[in-house]
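Beneath this line is the structure, given in structure tokens, with notes to follow.
The values are calculated or read from the model by the stated rules, or taken from the named source; none is laboratory data. Note that the coordinates shown come from a computational prediction; the quantities given were computed from them, not determined experimentally. A quick note on method: Cβ atoms are made from the backbone with ideal geometry, for glycine too, and the neighbour counts reach across all protein chains shown. Side chains included, ligands, DNA and RNA excluded: accessible areas come from the protein's heavy atoms. Shrake-Rupley method; radii C 1.70, N 1.55, O 1.52, S 1.80 Å.
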Amino acid sequence: MQSIINSIVKNRNLILYLTLSIISFNSLYTNSSVHYNGIGKIATYLSGKSSFFSSSIDSYFNLKEKNKKLIDENLKLKEIELEYKNQIVENKSFNSISIINANVIFNSINKSKNIMVIDKGTNGGVDEEMGVISSKGVIGIIKSVTENYASIISLLNTDLKVNAILKNSSTIGSITWDGLNPKILKLNDIPLSSSIKIGDTIVTGGMSFYFTKGIPIGTISNYDNSSLEGYYEIDISVFNDFSSISNIYVIERTDNDEIKILLND
Amino acid sequence: MIREQLRNIFFYTIILVFQLFVFNHINLVGFITPFIYLIIFIHYKTSYNKTTLIFLGFIVGIIVDLSMQTYGSHTFATITICYLRTWIEKYSFGVNSNLPSAMINGTQLINRLTFFGLIIFIHSLIYYSLVFFNIELFWTIVLNIIINSIITFIVIWLISQLISNK
């Protein structure tokens, strides 16, 4: 306490000077419009700068929440998009698709049978044999599920075969992977009679329990028509970069059970 | 001691009266007004209390502000030179600055010129910057500071010569 008083007494001239300065500035500010505007401008500039700084920090800490909101919004839009495509193709008017969002927690691309693991399981509504897509296109199919996790056979797995069509001509084929280049898939079963060209888009055919029609897969990057079997050998440049997938959507076709009943009959 | 104080107060009053009723109404070339009241802070003895000097600066500044309707520009300029006077003394007079008598008489001319000049220049600098308060008028401010400092300096120098001769 004594030292505080001592320092006040020691710096009394400075304190007095600052106090009287504030009084004279206050008088300028309140009485003169020139100074009112000038000081107002400086104050606005400073408060603008400081609030910009604090809002930047604030928005940084809110990123997680914002991200979640965006993902939720995306999910709804994806649902609407798939529903819309389905309606056009099949002229259906009932709700046959629901979508579940999940994050990838394990991913491999350097084996011949690559799998991914996601952070949603039966508790999150994920079940076996559901299709998995990302914002860019097809990822794979759910292989097995536990309560909180699920594994996916990705397109980069030599065991997986996905029904696909040429977007323009609707010629049906199937997508496989030869286990070599993770950016190139093979499109099989396209007869030499159909016309294709480099750059054509390949989408899902809809003839499976996993995917609805029209989900993008990739574009034709190369083809060979010299095969003796009567089919093209087509290389597909895949839209997804499998090495950097973090957020995926699991598609549930709610009409699968109905279709399966029919097939079993 | 009391006689000396009374004499000082009388001196301040006379100077202020001259400032308010004579020099405030002088407008050489339209914008030059000599601030002769600065002589109060120049002739304030070094042995006197610095805190009192700041108060004196505040009161004189307010009176001049009220008379010129400058709302605080003079006040801020005067309290600033009062606060800075210790450093200005040291800079101008060097080692002799602690001697009470060594102010107007018995000091080198160059020291006195520096002391007068610094006080007047700093005051003008602050005053005109505050009065115009607009960076776009930079050259107008500079012109005002230079010309007014010179005129004020000449007037105050002459008055100082008169006082010290008496």
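Is it true that residue A:33 is in contact with a His (Cβ under 9 Å, 6 or more places away or on another chain), open to solvent by less than 90 Å² (accessible area, probe 1.4 Å) and among the small types (Gly, Ala, Ser)? When the stated conditions are applied, residue A:33 does not pass them. Condition first: within 28 Å of residue A:96 (Cβ to Cβ), surrounded by fewer than 15 Cβ atoms within 10 Å (Cβ to Cβ) and in contact with a Gly (Cβ under 6 Å, 6 or more places away or on another chain). Now tell me which residues in region A:190-216 satisfy that. Scanning region A:190-216 gives no hits. Do we have residue B:72 as out of contact with any His (no Cβ under 7 Å at 6 or more places or on another chain) and small (Gly, Ala, Ser) here? Yes. Here residue B:52 meets each of (1) more than 7 Å from chain A (Cβ to nearest Cβ); (2) over 20 Å from residue A:32 (Cβ atoms); (3) open to solvent by less than 20 Å² (accessible area, probe 1.4 Å) with one exception, condition (3).
Looking at A:66, A:49, A:41, A:76, which one is within 30 Å of residue B:65 (Cα to Cα), without any contact (Cβ under 8 Å) to a residue 12 or more places away in the chain and open to solvent by 80 Å² or more (accessible area, probe 1.4 Å)? That would be A:41, the only listed residue that is within 30 Å of residue B:65 (Cα to Cα), without any contact (Cβ under 8 Å) to a residue 12 or more places away in the chain and open to solvent by 80 Å² or more (accessible area, probe 1.4 Å). Condition (residue is more than 24 Å from residue A:257 (Cα to Cα), among the hydrophobic types (A, V, I, L, M, F, W, C) and part of a strand (DSSP E or B)) applied to region A:118-129: is it met by at least one residue? Yes, region A:118-129 has at least one match. Filtered by the rule that a residue be open to solvent by 30 Å² or more (accessible area, probe 1.4 Å), at pLDDT below 85 and more than 20 Å from residue B:73 (Cα to Cα), region B:105-138 gives B:105, B:106, B:108, B:109.
Counting only residues that are among the basic types (Lys, Arg) and open to solvent by less than 30 Å² (accessible area, probe 1.4 Å), region A:176-189 holds 0 of them. Checked against (1) open to solvent by 60 Å² or more (accessible area, probe 1.4 Å); (2) within 28 Å of the chain's Cα centre (by Cα), residue A:223 meets all criteria but (2).
Where helices (runs of 4 or more DSSP H) fall entirely within region A:1-98, those with at least 2 residues that are at pLDDT below 80, away from chain B (no Cβ under 14 Å) and over 30 Å from residue B:131 (Cα atoms) are at A:33-61, A:63-90.
On the stretch given as region A:193-245, residues that are part of a strand (DSSP E or B) and in contact (Cβ under 8 Å) with a residue 24 or more places away in the chain total 18. Within region B:23-49, the set of residues being assigned to a helix (DSSP H, G or I) and crowded, with 18+ Cβ neighbours inside 10 Å comprises B:38, B:39, B:40, B:41, B:42, B:43. Might you check whether a residue that is at pLDDT below 85, surrounded by 14 or more Cβ atoms within 10 Å (Cβ to Cβ), more than 16 Å from the chain's Cα centre (by Cα) and under 17 Å from residue A:209 (Cα atoms) occurs anywhere in region A:133-141? Checked against the condition, which is being at pLDDT below 85, surrounded by 14 or more Cβ atoms within 10 Å (Cβ to Cβ), more than 16 Å from the chain's Cα centre (by Cα) and under 17 Å from residue A:209 (Cα atoms), region A:133-141 yields no hits at all.
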